[in-house]
Amino acid sequence: MFCRGWPILLSSLLCLAVGMLAPAHAGMFDDDVARKGVADNAKRLDDYKIQTDAMAGRLSKIEESLRGTQNAQQSMLELVNQIELLKREIQSLRGQIEVVNNGLESSAKRQRDMYVDVDARLRRLEPPPAGAAPPETPSVAASSPSTTAAPAVAASADETRVYEAAQQQRRIGNYRGAITSFQSFLGQYPKSGLAHRAQYWIGDSYFNLRDFKNAIASQQKLIAAYPDSASAPDAMLNIASAQSELGESAGARKTMDALVQRYPASEAADKAKRRLATLK
């Protein structure tokens, strides 16, 4: 009877074991699913984090680009303002240059007129070339009671040729060349009747080069060496002009006063009087 019941008992025990194992297996299955879900969620979270970081990087680049654009716009605006300022300054400078040019042109014209006048007057007083009769022109210096004019001495053909070559350098504006040529003339013909004129034009050429100190020294040398020369009054006037250019107003006034006293009848004295009148 026990033997007959054994299969039934075994079957019952088996059923009971299966029933007990089924919930445990189901629990283990649920844990795997949960862990898999957590892992999936963690992966998706990592993916989201990577995407977020990438988007943050792109956003940062965009912000930097925007800031760069704003800086560029600000720099461009500043550059435009500077350009406008420079344009106004250039326009102002052009106006000033035009005024200075007009003044220079006027001064140059007055200077040309003055020296053309001086040249014409002094040419009348220069000794004629060899063989020519001296002109019947009274000496400017002779009109002054304090001086006696030296008699005109006819220049030789060679003297006249060398002197005129130096004069041509001066007339074309090559003042340095003129100085060299006149100095060479004086070296060759120190006793020439044209020597005092050569010395005057040396000082005049220095004046045109705006070398006022050498201009004064050259004209003083003329006055010391040829005090009775017809060139002396114009030499003194040239000295006064050079002193004025150097800002030595008192010295220029003193020189013109001396010119008027020493050579009162000269044309240079008349010009000195007019200048003195404007200074007072």
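Summary of values
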{"quantity": "Sites residue 84 and residue 44, calculated FRET efficiency, Cβ-Cβ separation with R0 51 Å, nearest 0.05", "calculated": "0.30"}
{"quantity": "Overall form of region 49-98 per C-alpha gyration tensor (a/c, 1.5; a/b vs b/c)", "calculated": "prolate"}
{"quantity": "FRET efficiency for residue 92 and residue 54, using Cβ-Cβ distance with R0 set to 51 Å, rounded to 0.05", "calculated": "0.35"}
{"quantity": "Nearest-20 debye value, region 148-280 charge dipole, Cβ charges on Lys, Arg, Asp, Glu", "calculated": "340"}
{"quantity": "Cβ crowding within 10 Å averaged over residues, with 169-179, 244-254, 47-57, 190-200 ranked highest first", "calculated": "190-200, 169-179, 244-254, 47-57"}
{"quantity": "Projected area averaged over orientations for region 197-256, convex hull of C-alpha atoms, nm²", "calculated": "3.4"}
{"quantity": "log10 of Debye I(q)/I(0), alpha-carbon scatterers only, for region 160-220 at 0.20, 0.24, 0.26 Å⁻¹", "calculated": "-0.64, -0.90, -1.03"}
{"quantity": "Amide H contacts of residue 155 (H built 1.01 Å from N, under 5 Å, at least 5 apart or other chain)", "calculated": "130"}
{"quantity": "Entries of 191/254; 61/87; 191/221; 191/271 with Cα pairs more than 27 Å apart", "calculated": "191/254; 61/87; 191/271"}
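Taken together, the values in this text are just the output of simple stated rules run on the coordinates, not laboratory data. None of the values given here were measured: they were computed from a predicted structure. Please note: Cβ atoms are built from the backbone with ideal geometry, for glycine as well, and neighbour counts cover all protein chains shown.
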